[in-house]
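Structure first, commentary second.
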Amino acid sequence: MKKNIQIFSILTILITGLIGCSAMQTDKEVYKGEKLNIAVVGEIPEINEKESTINFKKLSLKDIKKIDLKSYDAVIITKPYLSKAANKKYKDTYLNGQIPFFFVESKGSILPFLDNSLTYKQYADRVNDTQSYIVGVLGNPNEDNYNTWQYDYAIKNNKFDRTDVKDIYSRVFKTVEKVKKEKRS
């Protein structure tokens, strides 16, 4: 009888441990669609995808005004360039570009890039968006509207998890592919 209780206790501990471990595992989101060409202003991000799927090309911020939009599926602008990217000289590029523009870690959300009545810092101070890692915009040059996207940090243990953002990029790539397919149809 005592031996059965020990075996039962050991089995209970093992099963509980296995359930706990499987609950901690998360499936990494990985984009597996068609190849995408993405321009990046700033550092190339670390991603889950292979280079054969995502082709990054570094550009300067000045270059986005004159890029060949047919050569790229999207543009990503990283945090160190956000203040300059909010300059009114780029607003028409974002709204008439016909490809999505994504802004990494913008505390002002999408507002400083579409409305130039305040500076990036003023919008960042007012909005103070700390839950979104990436925001994006796709202008519609034939109409007076645009699409926006917001990609938030994952929540783990009731807190924002800012340690792994590769899954966020995978979601961005899925959006880029969707836009690319809609343009073709």
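Laboratory data are not the source of any read-out in this text; all were calculated from the coordinates shown. Computed from a predicted model, the values in this text were never measured in an experiment. Backbone-built Cβ (ideal geometry, glycine too); neighbour counts: all protein chains shown.
Given the rule -39500 (n - 2.57) for each run of at least 4 DSSP H residues, summed and divided by the residues of the chain, what is its mean residue ellipticity at 222 nm, to the nearest 500 deg cm²/dmol?
-10500 deg cm²/dmol
Please work out the Cα convex hull volume for the range 31-184 and give it in Å³ per residue.
Numbers: hull volume 17.7 nm³, N = 154.
Spelled out: Cα convex hull of the range 31-184, divided by residues, is 115 Å³.
Quick check for me: using +1 on Lys/Arg Cβ and -1 on Asp/Glu Cβ, what's the dipole size of the chain about its Cα centre, in debye to the nearest 20?
Working: 31 positive and 23 negative charges, 50 e Å.
Its charge dipole is roughly 240 debye.
So which of Lys57/Lys79; Lys62/Lys178; Lys58/Lys107; Lys28/Lys70 end up more than 20 Å apart by C-alpha?
Numbers: Lys57/Lys79 17 Å; Lys62/Lys178 27 Å; Lys58/Lys107 23 Å; Lys28/Lys70 31 Å.
As for pairs spanning more than 20 Å Cα to Cα, those are Lys62/Lys178; Lys58/Lys107; Lys28/Lys70.
Where in the range 67-120 are there trypsin sites (Lys or Arg not before Pro) that are in a DSSP coil and have at most 13 other Cβ atoms within 10 angstrom of their Cβ?
Values: sites: Lys70, Lys84, Lys88, Lys89, Lys91, Lys107; in loops: Lys70, Lys107.
Here the sparse-neighbourhood loop sites are Lys70.
Over the chain, with a Gaussian network built from C-alpha contacts below 10 Å, which listed residue (Ile38, Ile134, Ile155) shows the highest mean-square fluctuation?
Result: Ile155 has the largest fluctuation of those listed.
Using a 10 angstrom cutoff on alpha carbons, build the Gaussian network for the chain and name the most mobile of Lys62, Lys174, Lys166.
Per the Cα network of the chain with a 10 Å cutoff, Lys62 tops the list.
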